[in-house]
1. What fraction, in whole percent, of alpha-carbon pairs in the chain exceed 28 Å separation?
2. Using only Cα atoms, locate the centre of the stretch 311-355 and the centre of the stretch 69-138, then give the distance between them in Å, rounded to an integer.
3. Helix check for the chain. Which DSSP H runs span at least 15 Å along their own axis by Cα, with a mean Kyte-Doolittle hydropathy no less than 0.5?
4. Based on DSSP, what percent of beta bridges with both residues in the chain are antiparallel, to the nearest 5?
5. On a full-extension model of 0.36 nm per residue, what is the gain between residue 56 and residue 195, subtracting their alpha-carbon distance, rounded to one decimal in nm?
6. Under a straight-distance cross-link criterion of Cα-Cα below 14 Å, which aspartates and glutamates are reachable from residue 274, leaving out those fewer than 8 residues away in the same chain?
7. Packing-wise, with mean Cβ within 10 Å as the measure, how do 273-283, 91-101 rank, highest first?
8. Among 127-140, 181-194, 259-272, what's the highest-first ranking by average C-beta atoms within 10 angstrom per residue?
Amino acid sequence: MTTKDIVLDHVSIRFGSYTAVDNAHLTIQGGEFFSFLGPSGCGKTTLLRCVSGFSEPTEGRVLIGGKDMKGVGPNKRPTALIFQNLALFPLMSVAENIAFPLEVRGVSRKERRKRADELLDMIALPGVGDKKVHELSGGQRQRVAIARALAVEPDILLLDEPLSALDLKLRHHMRTELRAIQQRVGLTFIYITHDQGEALTMSDRIAVMNAGVIEQIGDPESVYNRPKTSFVASFVGETNAIEGKVVLQSGEMVTLETPLGPLQGKAAGGRRYKNGDSCYLFIRPEQMELKADAEAPNTIAASVTKEEFEGNSRILFVSANGVDMRVTRVNRGGSDGMVTGHAVTFAFDPAHATVLPHGQLAGA
Ligand code: ATP
């Protein structure tokens with residue numbers, strides 16, 4: 001256990017009879033980049049407020065560095081919080097902004113400036129200390145806000161959707177920057193986002209939340225490739241969800257009877273199903289391969305209902321027997337003739353399809 005470890009010990013948070021966080025139980029290791037990922041309203045911010053000390057759990061405990069934080073206020077915790085709204089002071093210089101928390105603590109002007117310059121080096125913005133905040137770009141301001149949070153030398157940085165006000169390109173750039181800063185300073189970062197791309201690219205581990213419940217914790221690859229629930233499968237990355245009933249399980253291979261005929265996929269997490277169980281088969285759009293051979297297993301004949309051009313790829317929206325699906329085609333230039341109204345046959349490898357018990361889908 002280090003001073004940067006955080007334990008959420010069976011934490012529930014209720015507002016009256018409404019449960020915003022339901023029995024969160026996990027340990028975040030010191031130095032980890034840990035994200036809470038989930039849709040709006042799933043309880044991410046409520047949980048973060050409990051770690052930062054702005055609220056207390058209704059049940060359970062928050063431990064930081066092995067110490068129970070009950071009754072310990074935000075200023076007394078080894079945490080610093082960064083919001084989407086950065087709240088930098090526009091009339092102060094960059095250095096004054098960064099050193100502001102130190103001024104409040106009575107640190108001398110000379111020492112403050114020295115620390116601000118060190119922090120500007122750390123966020124890879126040397127020499128901008130005398131500039132005014134409005135002279136910086138959005139991404140630079142974001143880094144200044146991080147430097148200001150680091151000025152008080154926290155062990156843990158809490159980031160609540162810090163990139164959501166930035167434009168798309170800058171947001172992508174800042175993912176790399178944030179990860180680099182975290183690795184440089186070696187602190188625990190707890191990051192809150194509804195953007196799966198952010199969570200997947202930056203995190204050591206991700207907790208996926210749905211309606212107050214943590215449904216899965218794992219590294220980005222396991223959450224993406226081995227989802228444990230229908231919600232996680234449908235929230236993290238694009239996927240097709242095909243409903244069916246189990247007719248056979250042989251080892252980890254499950255056959256479902258679906259409106260598209262029998263389809264096979266792998267039982268997630270070594271599950272055993274009974275014949276007749278209601279399930280979803282999840283297959284990613286990039287795993288759907290166009291096939292001429294209609295006899296191959298997992299073959300679906302469909303028609304193209306719409307196309308979307310995305311630059312490096314095209315999305316075909318296809319429909320078969322009332323089931324709507326997406327197929328991704330890499331754009332290699334030229335036309336593949338797969339236009340709206342066209343009949344297509346495609347197939348997928350059962351090893352790339354995941355079968356999970358019927359459950360709530362994201363956005364449903
Ligand atoms: P977002 O991404 O939109 O910020 P979130 O996942 O952070 O969403 P929370 O802000 O944690 O969600 O809210 C979780 C649920 O708890 C919401 O339904 C919200 O309305 C409710 N809630 C949050 N704070 C309070 C409060 N002080 N009183 C009553 N209900 C609250």
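Any read-out appearing in this document is the output of simple, stated calculations on the displayed coordinates, not a laboratory observation. From a predicted model like this one, the values you see are computed outputs, not experimental measurements. Cβ placement follows ideal geometry from the backbone for every residue including glycine, while neighbour counts extend to all protein chains displayed.
1. 54 percent
2. So the two Cα centres are separated by 50 Å.
3. Going by DSSP H runs, the hits are 94-104.
4. Around 75 percent antiparallel, to the nearest 5.
5. Working: separation 139, 0.36 × 139 = 50.04 nm, distance 2.64 nm.
Result for the pair: 47.4 nm of gain on full extension.
6. In chain and number order, the partners are 252, 257.
7. For the peptides 273-283, 91-101, the packing ranking is 91-101, 273-283.
8. The peptides rank, most packed first, as 181-194, 259-272, 127-140.
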